[in-house]
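Quick notes on the structure that follows.
A short reminder: the numbers here are calculations on the coordinates, not readings from a lab. It should be emphasised that the depicted structure is a prediction, and the values quoted were computed from it without experimental measurement. Don't worry about glycine lacking a Cβ; one is built from the backbone with ideal geometry, like all the others, and counts go over all protein chains shown.
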Amino acid sequence: MSYNPFEQSEHAVEELTSEESQLIIYNDEVNTFEHVINSLIDVCKHEILQAEQCTIIIHYKGKCAVKSGTFDTLEPMCVALHDRGLSAEIE
């Protein structure tokens, strides 16, 4: 079997494009616990307990990674959270 540098670079590009990102929500002094919980349920499809736990982490730690996935998957969720007045970004 011969060495082909192009096979490795194609594989490396594939790894970079499929890399997982994190959707992060930041704490603020505006939104209520109930609003954040409902937003996580509606937008991110969290179960109630998961949404409650993330909201508590956001409140006490200042931020929480609420969803993982590709950028293309997370971007519409991030926009929807912004539309609901939440501070969110994809890292």
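Its Cα centre serving as origin, the range 19-90 has a Cβ charge dipole (Lys and Arg +1, Asp and Glu -1) of approximately 160 debye. Please give me the summed charge of the neighbours of GLU91: other residues whose Cβ is under 14 Å from its Cβ, Lys and Arg +1, Asp and Glu -1. Here the count lands on -2. Across all directions, the shadow cast by the convex hull of the range 19-90 built on its C-alpha atoms averages 4.1 square nanometres.
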